[in-house]
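**Q** I have a structure I would like to understand better, so I am pasting it below and will then ask my questions one at a time.
The values are calculated or read from the model by the stated rules, or taken from the named source; none is laboratory data. None of the values given here were measured: they were computed from a predicted structure. FYI the Cβ positions are ideal-geometry reconstructions off the backbone, even for glycines, and counts take in every protein chain you see. These area figures cover heavy atoms from the full protein model, side chains too; ligands, DNA and RNA do not enter into them. Shrake-Rupley method; radii C 1.70, N 1.55, O 1.52, S 1.80 Å.
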Amino acid sequence: MKYAFFPGCVARGGTPELYDSATIVMERLQIETIELSTASCTGAGVLQEKNEKMGDILNVRTLALAEKLELPILVICSTCQGVISQANFRVQKDRKYLEEINGYLKDEGLEYKGTTKVKHLLWVIIEDIGIKKLKESFKTELKDVNFAPFYGCYIVRPSEVLEFTDNPGRENSLEQLIGAVGANVTKYSGRTACCGFPILFINQENSLKMVSNHTGSAKDSGADAIVTPCPLCHLNLDGYQPKARRKNRGDNADIPIIHVPQLVGLAMGIPETQLGLQKHVVSTKNFISSVTQKK
Amino acid sequence: MQVSMRVKRYDPELKENKSWWQGYKLGIHANATILDALIKIREEVDGSLALRCACRASICGSCGMRVNGRARLVCKTRLEEIIQKDGELNIEPLANHSVIRDLVVSVDSFFSKIKEITPYLTPKSEPVTGEFIASNESMENLLKSMNCIMCGVCVSDCTVLEVDKKFIGPAALAKAWRFVEDPRDDEKSQRISYLNDTEGGIWDCTRCMQCVEVCPKDVAPMDRIMEMRETAIRLGHKNSPGYRHSETFYRSVKKHGRLDETLLAISSAGWTNIPRLIDLIPIGFKALIRGKLPPIIPHKAEKKEAIKNIYVKVEKEDE
Amino acid sequence: MICQNGFNLEKGQNNNRMYQHDILIIGAGLAGLRAAVEGVRNGLNVAVISKVHPVRSHSNAAQGGINAPLVDRGDDWEDHAYDTIKGSDFLADQDAVEIMSREAGDAVIELERMGVIFSRGDDGKLGTRRFGGQKIARTFFVGAITGSAILHVLYEQALKYGLNIYEEWFVTKLIIVEGRCQGVVALDIKTGELHLIQAKAVIIAAGGAGRVFEPSTNALICTGDGIALAWNAGVPVMDMEMIQYHPTTLAGTGILMSEAARGEGAYLLNSKGERFMEKYAPDYMELASRDVVSRAEQTEIDEGRGIDGNVLLDLRHLGREHIESGLGYLQEVAVEFMGVDLAEQPIPIRPGMHYIMGGIKTDSDGATSINGLYAAGECANVSVHGANRLGANSLLDTVVFGRRAGAHAMKYVRDISETFIDEKYLTDERNRLQRMIENNGGERSAAVRNDMARSMTNGVGVFRDQNSMEKAIANMSDIMNRIPNVSIDRKGKIFNTDLVFALELEYMVNIAWSVVNAAITRQESRGAHFRTDITGRDDKNWLKHTLVFKDVNSENGVRVETTPVTITKWKPIERRY
């Protein structure tokens, strides 16, 4: 199983624990990767606000780089997944546009023919590796632990772009993963809601209300932690949880936000420090001790 | 086929001012839509059930409701499809609207947002004879917004409206786009100014794509909002945090091939916006002590000149 | 620059308050809003009353386009007028048709200037497509959503001028005092309260009556309210037997598949894969007038060349791109409601009730036999459509005669001073509605309506004869006897749709009764009224309109008269396509 790995920007910046835990987990699962070190940031939808075409050129370039290696792209961030997929979708639908974009890649000797697939590590696990094989790498179960799945936006919408019809498992991939580690899923209103990150610097009041609503309702549903495939969701739900909860619910930040590779890593028996669980703003101490207790 | 469903009822004339779930069971033909079932209930089982519907052909926009938590037009949603996927059928009125009775909501808030964006053509003058001259391409482009049937489904599921009623909202903004893009309208820059500056305007959308996902007419309101952001920037509106955010991102990738997060946070707040900058300190500090503060010298892409060259090429064309 | 909230009307809960306007318009579709815009932009106190929000009006469902001969582009208004008159099987009043054809160009240009996003030709001017019954292309359109596109723009204009709108109010009675119409009694559906609304003139623009039949392309709200209100007030309804069955309605649901498909080149095929229109209309083929095509289809089906009671509409040869750009809504309907991709498969269709050419008799200014009472749009019969309406002429009818009715009413009200309306109109209606609500243990209105609709389609369908019509009359008598027993589940006030449906049922029964009595009177076949027992057209005796009056003194409650057709230039000839 070989992939062209694009870690994204945040995994190297604000969420180093994601990069570290992902690297260890991929090694354990024998996922071979070649890092696309010359690939650019995807633009995260923000760059596209200023110039959508520029964003598309940058992302098609990334797709072409992977195509040259004849490998599918593996990402560890939902936003990378969504943004690159949207660019891919646009050029597949409009071949004239693809031709136009390839014009900008000529100088670098690149040309995208439209064959690259993009998969989040979560999908690689569920679809390419499969739950059965995944479980073989587990050393323990997270029995009686409750997780609230927080998909965020970019890995579930638009469903047409993310090819949900042909891959129906993508719609509940987190639930499948949580089940695989032996834990329980709680039902709450934030499952596919927006974390508010995109408007954090633009309308902080609204952003914090979203953080408070979703972390609060996750806690109310009995979850011990939230698990999310997007580091940007993590940054907002984790980093701003104290301020958001204090301001809107008058209570404390009480629910840790776990990355997908951290969840997998816990079931694999990898030590918490290697998974970077001490690097979260909302402490994972209680969560970890409850997990170890229940083992 | 036999169908069981639950409908959220509410009657302000009842003493206990609460809503309740009412279950219904009925037999109906296999290809039936949810609306067919609701009409059958109304006609044969319980005439007190209140809902709006008219055309049953997805053109009038009356029958927007939430089905298993997601807003849709029930006239074009097949029972079988929902029950097979979700195993249950729960019907509630649209969210983000106040309920009048049962599945009937007030559309006053919806249309007040429409009215806010000056929803009619504002040409400076009319042609002396005949029609305005316009390309077919420009008129067909407007179909994206004209296809909107004002059903309220996007407004129901908008994640910003859920926390902030001041947001103009996807439907009204998509309609505003139609006038911004109409070559016959002469108030493009005033419209963009308003939408850029006003509270709840184009920069308040959180880009969650819910409206794109749920719109039954492929209006893709979020895409329309994004286009207006691009237009606002092109027209020189640089006074919003949204602009600064986007511009900094753009420049960072140009320079490093990757994102400089620290710079982004500071620049979006605004270099001279002292309160905002002070606001960033606690979170910055927390990140620092946890060991997750982004590096001062940001991570770069290797061979980032290739990326810079693309920028130079594109920017040259835009001039 | 920000639009001022144009909604001036106080949503008063005060039952004693008298609402007053210069002009009150019942119905907020194309005709109603066009009339309203005429009045309100000239500074009059105009209000529109609609039982649904204006943008829910059935004008939305008109898909294909609006006809207009543009004289400055080499078209000839007389050509359009003749096509219309021939299409009407010579029952249209030619002076009215001349007015419509002459004013059409300005009407369409005006809509474009208001902001309608009509399709364009290469020169940037309005572009056309071909439509049935016309040799040249003069139908202006917006994709396959022309009606909706125009309706939304007229609503925008209503907002621009601050039009008062009684949104979700249902008219239960017209108030006629001293020989003139002075207002209405109406139910505010949201609160359940009845109110008096006084007006110096009332324009009825409440649309057609499709729900009297089954299947029908019409929305559930098309229950003939306006026609029945006028009829109950003593105005005659004209040519009610002229019911248009649209040739291409979806099998099963009856949802409309626009004539635009045929206008863009689609074929009609029978079970043998033949383009059967060759046999019936060799010249115009699929674009013959609608009654001709519907009868052709019905014949193919009845003679065993149908497929499960349908024939096929085939767009495959148009190609995917053409279908998705110009006929996008049709593709949406096909995929969503039938699971058919028009680029890959033909789609089963059959004739379905679509439009009523008949309606409230008016002159070409929309005036009826009662002073101060006007009508325009589908509910009116000027007559421009005669025995059969051409596609894309209905949208034209609404804006031309909507404007004219508005303009004439404006002049009329100048000389009218207000009269006081006695509260007893309100109390009488309150009592009547209260009795309906209190009635218990009877049938639901839906059961009665379903029986009526089926029996009407059987008795007064694409093909009819003495037997079928007599049967329909007998059935309708039974149905009328069931009306007083209808009871309502919902006893509360707020949003009592149960009550509204019972009121609509009464209107529908009025319509049905007029239709069957008019139908059995006409002793010939003409246009949409095709009798298998009298198949020929009889210009000598029947170049006339039928008029049905409400008559409480007659045994069956109606009196049928006739009135001659106005012929100006075009002598009736045999109609061939």
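**Q** As a test of the formula, what do you get for chain C when each DSSP H run with n ≥ 4 contributes -39,500 (n - 2.57) and the sum is divided by the residue count, at 222 nm and rounded to the nearest 500 deg cm²/dmol?
**A** Working: 16 runs with 201 residues, N = 577.
Per the formula, -11000 deg cm²/dmol.
**Q** May I ask for the accessible area buried between chains B and C, both sides summed, probe 1.4 Å, to the nearest 100 Å²? Please list the in-between numbers first.
**A** On the way: alone 18730 and 21550 Å², together 34570 Å².
For B against C, buried area totals roughly 5700 Å².
**Q** Using a 1.4 angstrom probe on protein heavy atoms only, which residues from region B:263-286 are buried by at least 40 Å² of accessible area when all chains are present rather than their own chain alone?
**A** In region B:263-286, residues shielded by partner chains: B:ARG276, B:ASP279, B:ILE283, B:LYS286.
**Q** Compute the helix-to-body angle for C:445-459: its Cα long axis versus the longest principal axis of chain C, expressed 0 to 90° and rounded to tens.
**A** Between helix and principal axis, roughly 40 degrees.
**Q** Continuing with the same structure: Leaving out ligands and nucleic acids, and using a 1.4 Å probe, what accessible area per residue does region C:376-496 come to in Å²? Walk me through the numbers on the way to the answer.
**A** Numbers: 4970 Å² over 121 residues.
Per residue, region C:376-496 has an accessible area of 41 Å².
**Q** As I understand it, the value is the acute angle between the Cα axis of helix C:94-114 and the longest principal axis of the Cα atoms of chain C; what does it come to in degrees, rounded to 10?
**A** It works out to around 80 degrees.
**Q** Now a separate question. Nothing charged except the Cβ atoms of Lys and Arg (+1) and of Asp and Glu (-1): what's the magnitude of the dipole of the protein assembly as shown about its Cα centre? Round to the nearest 20 debye. Before the final figure, lay out the partial values.
**A** Numbers: 147 positive and 154 negative charges, 654 e Å.
Dipole of the protein assembly as shown, to the nearest 20 debye: 3140 debye.
**Q** Per residue, how large is the accessible surface of region A:2-120? Use a 1.4 angstrom probe and give square angstrom.
**A** Details: 4050 Å² over 119 residues.
So region A:2-120 comes to 34 Å² accessible per residue, rounded to a whole number.
**Q** How much net charge surrounds C:ARG56 when only the other residues with a Cβ under 14 Å from the Cβ of C:ARG56 are counted, with Lys and Arg +1 and Asp and Glu -1? Can you show the working numbers first?
**A** Numbers: positive: B:ARG52, B:ARG56, C:LYS51; negative: C:GLU167, C:GLU168.
Overall, the nearby charge balance is +1.
**Q** Of C:HIS545, B:HIS237, which has the most accessible area with a 1.4 Å probe, and how do the rest follow in descending order? Show your work: numbers first, answer last.
**A** Details: C:HIS545 5, B:HIS237 30 Å².
So, going from the largest accessible area down, we get B:HIS237, C:HIS545.
**Q** Which pairs, out of A:LYS247/B:LYS165; B:LYS254/B:LYS303; A:LYS119/B:LYS286; C:LYS544/C:LYS569, put more than 21 Å between their alpha-carbon atoms? The partial results should precede the final answer.
**A** Working: A:LYS247/B:LYS165 18 Å; B:LYS254/B:LYS303 12 Å; A:LYS119/B:LYS286 32 Å; C:LYS544/C:LYS569 17 Å.
The pairs that break the limit, which is 21 Å between Cα atoms, are A:LYS119/B:LYS286.
**Q** Still on this structure: For C:LYS550, B:LYS18, A:LYS53, B:LYS115, write out the residues from largest to smallest accessible area, computed with a 1.4 angstrom probe and no ligands counted. Walk me through the numbers on the way to the answer.
**A** Values: C:LYS550 75, B:LYS18 140, A:LYS53 55, B:LYS115 30 Å².
Correct descending sequence by accessible area is B:LYS18, C:LYS550, A:LYS53, B:LYS115.
**Q** Would you work out which of B:LEU143, B:THR129, B:ILE117 lies farthest towards the positive end of the dipole of region B:108-234, given +1 charges on the beta-carbon of Lys and Arg and -1 on that of Asp and Glu, about the Cα centre?
**A** In region B:108-234, that residue is B:ILE117.
**Q** With a 1.4 Å probe and every protein chain left in place, work out the accessible area per residue of chain B in Å², rounded to a whole number. Display every interim value, and only then the final one.
**A** Details: 13110 Å² over 319 residues.
Ligands and nucleic acids excluded, the result is 41 Å² per residue.
**Q** If you add up the charges near C:GLU193, with Lys and Arg at +1 and Asp and Glu at -1, over every other residue whose beta carbon is less than 10 angstrom from its beta carbon, what do you get? Walk me through the intermediate numbers first.
**A** Details: positive: C:LYS190, C:ARG430, C:LYS493; negative: C:ASP188.
Residues close to C:GLU193 contribute a combined charge of +2.
**Q** Sticking with this structure for a sec: Express in Å², to the nearest 10, the accessible area of C:GLU470 obtained by rolling a 1.4 Å probe over the protein heavy atoms while all chains stay in place.
**A** It works out to around 90 Å².
**Q** Need one value for C:438-450: mean number of C-beta atoms belonging to other chains within 10 Å of its residues' C-beta atoms.
**A** Partner-chain Cβ atoms within 10 Å, mean over residues of C:438-450: 1.
**Q** Quick check on packing: order A:188-196, C:400-408 by the mean number of other C-beta atoms within 10 Å, highest mean leading. Can you show the working numbers first?
**A** Working: A:188-196: 24.0, C:400-408: 26.3.
Answer by packing, highest mean first, reads C:400-408, A:188-196.
**Q** Oh, and also: Farthest toward the dipole's positive end in the protein assembly as shown, which of C:GLY179, B:SER48, A:LEU110, given Cβ charges of +1 (Lys, Arg) and -1 (Asp, Glu) about the Cα centre?
**A** A:LEU110
**Q** Determine the dipole magnitude for region B:147-251: charges of +1 sit on the beta-carbon of Lys and Arg, -1 on that of Asp and Glu, nothing else is charged, the reference point is the Cα centre, and the result goes in debye to the nearest 20.
**A** Details: 15 positive and 17 negative charges, 44 e Å.
My answer is approximately 220 debye.
**Q** Which one, B:LEU280, B:LEU264, B:LEU35, has the greatest fluctuation when you compute a Gaussian network model over chain B with C-alpha springs under 10 angstrom?
**A** B:LEU280
**Q** Then there is this: If packing is taken as the average number of other Cβ atoms within 10 Å across a peptide's residues, how do B:293-302, C:242-251 rank, most packed first? The partial results should precede the final answer.
**A** On the way: B:293-302: 15.3, C:242-251: 27.0.
The densest-packed peptide leads the list: C:242-251, B:293-302.
**Q** From the cross-link list A:LYS113/B:LYS292; A:LYS96/C:LYS272; C:LYS424/C:LYS550; A:LYS132/B:LYS304; A:LYS243/B:LYS217; A:LYS117/B:LYS304, which pairs have alpha carbons spaced over 31 Å apart? Please list the in-between numbers first.
**A** Values: A:LYS113/B:LYS292 38 Å; A:LYS96/C:LYS272 41 Å; C:LYS424/C:LYS550 23 Å; A:LYS132/B:LYS304 41 Å; A:LYS243/B:LYS217 39 Å; A:LYS117/B:LYS304 24 Å.
Over 31 Å Cα-Cα: A:LYS113/B:LYS292; A:LYS96/C:LYS272; A:LYS132/B:LYS304; A:LYS243/B:LYS217.
**Q** In addition: Which of the peptides A:152-158, B:50-56, C:444-450 is most tightly packed, and how do the rest follow, going by the mean number of other Cβ atoms within 10 Å of each residue? Display every interim value, and only then the final one.
**A** Numbers: A:152-158: 25.7, B:50-56: 23.6, C:444-450: 20.0.
Per-residue mean Cβ counts within 10 Å order the peptides as A:152-158, B:50-56, C:444-450.
**Q** Taking 20 Å² as the minimum loss, tell me which residues in region B:185-208 lose that much accessible area going from the chain by itself to the full protein complex (1.4 Å probe).
**A** Buried-area filter returns B:GLU187, B:TYR194, B:TRP203, B:ASP204, B:THR206, B:ARG207, B:CYS208.
**Q** On C-alpha positions alone, give me the angle between the axis of helix A:95-105 and the longest principal axis of chain A, in degrees, nearest 10.
**A** So the inclination is approximately 90 degrees.
**Q** Could you check which residue among B:SER106, B:SER156, B:SER145 shows the biggest mean-square fluctuation in a GNM of chain B with a 10 Å Cα cutoff?
**A** B:SER106
**Q** List the residues of region B:225-242 that lose 10 Å² or more of accessible area once all protein chains are present, compared with their chain alone (1.4 Å probe, heavy atoms only, no ligands or nucleic acids).
**A** B:MET226, B:ARG229, B:GLU230, B:ILE233, B:PRO241, B:GLY242
**Q** Of B:VAL67, B:VAL180, B:VAL107, which is the most mobile in a GNM of chain B whose springs link Cα atoms less than 10 angstrom apart?
**A** Answer for the Gaussian network model of chain B: B:VAL107.
**Q** Relative contact order for region C:476-548: what percent, with Cα pairs under 8 Å and sequence separation of 6 or more?
**A** Working: 40 pairs, mean separation 16.9, N = 73.
Contact order relative to length: 23 percent.
**Q** Please compute the contact order of region B:246-295 in relative form: average sequence separation of alpha-carbon pairs under 8 Å and at least six residues apart, divided by the residue count, as a percent.
**A** On the way: 25 pairs, mean separation 14.2, N = 50.
The value is 28 percent.
**Q** Using the crude model of +1 on Lys and Arg Cβ and -1 on Asp and Glu Cβ, and no other charge, please compute the dipole size for region A:163-285 relative to its Cα centre, in debye to 20. Mind dumping the intermediate values first?
**A** On the way: 12 positive and 11 negative charges, 102 e Å.
With Lys and Arg at +1 and Asp and Glu at -1, about 480 debye.
**Q** Okay, moving on. What is the interface area between chains A and B, defined as buried accessible area summed over both chains with a 1.4 Å probe, reported in Å² to the nearest 100?
**A** Details: alone 13070 and 18730 Å², together 26290 Å².
Chains A and B together bury roughly 5500 Å² of accessible area.
**Q** Among the lysines, which fall within straight-line cross-link reach of B:LYS188, defined as a Cα-Cα distance under 20 Å, with same-chain neighbours fewer than 8 residues apart omitted?
**A** Of all the lysines, those that pass the test against B:LYS188 - Cα under 20 Å, at least 8 places apart if same chain - are A:LYS50, B:LYS113, B:LYS115, B:LYS124, B:LYS144, B:LYS175, B:LYS238, C:LYS160.
**Q** Within 10 Å of each Cβ of A:5-16, how many other protein chain Cβ atoms are there on average? Kindly include the intermediate steps, with their values, before the conclusion.
**A** Values: counts 0, 0, 2, 2, 14, 4, 1, 8, 13, 8, 4, 6.
Neighbouring Cβ atoms belonging to other protein chains average 5 per residue here.
**Q** On to the next question. Can you pull the percent of the protein assembly as shown's accessible area that's carbon plus sulfur, 1.4 Å probe, other chains left in place? Can you show the working numbers first?
**A** Working: 20130 of 42120 Å².
Carbon-and-sulfur percentage of accessible area, whole number: 48.
**Q** Convert each backbone phi in region B:136-150 into a coupling constant with the Karplus relation 6.51 cos²θ - 1.76 cosθ + 1.60 (shift: θ = phi - 60°), then list the ³J(HN,Hα) values in order as whole Hz, x for Gly and Pro.
**A** Karplus values, whole Hz, x for Gly and Pro: 4, 4, 5, 6, 5, 4, 6, 4, 3, 8, 5, 5, 5, 10, 6.
**Q** Please compute the net charge surrounding A:SER221, taking Lys and Arg as +1 and Asp and Glu as -1 over other residues with Cβ under 12 Å from its Cβ. Don't skip to the end; give the middle numbers.
**A** Values: positive: A:LYS187, A:ARG191, A:LYS219; negative: A:ASP220, A:ASP224.
Neighbourhood net charge equals +1.
**Q** For peptide B:55-68, compute the average count of partner chain beta-carbon atoms within 10 Å of each residue's beta-carbon.
**A** Values: counts 13, 7, 15, 6, 16, 14, 5, 8, 1, 0, 0, 0, 0, 0.
Mean shielding count: 6.
**Q** If C:SER394, A:SER212 are ordered by their accessible area, calculated over protein heavy atoms with a 1.4 Å probe, which sequence runs from highest to lowest? Intermediate results must be reported in sequence, preceding the final value.
**A** On the way: C:SER394 25, A:SER212 0 Å².
Greatest to least solvent exposure: C:SER394, A:SER212.
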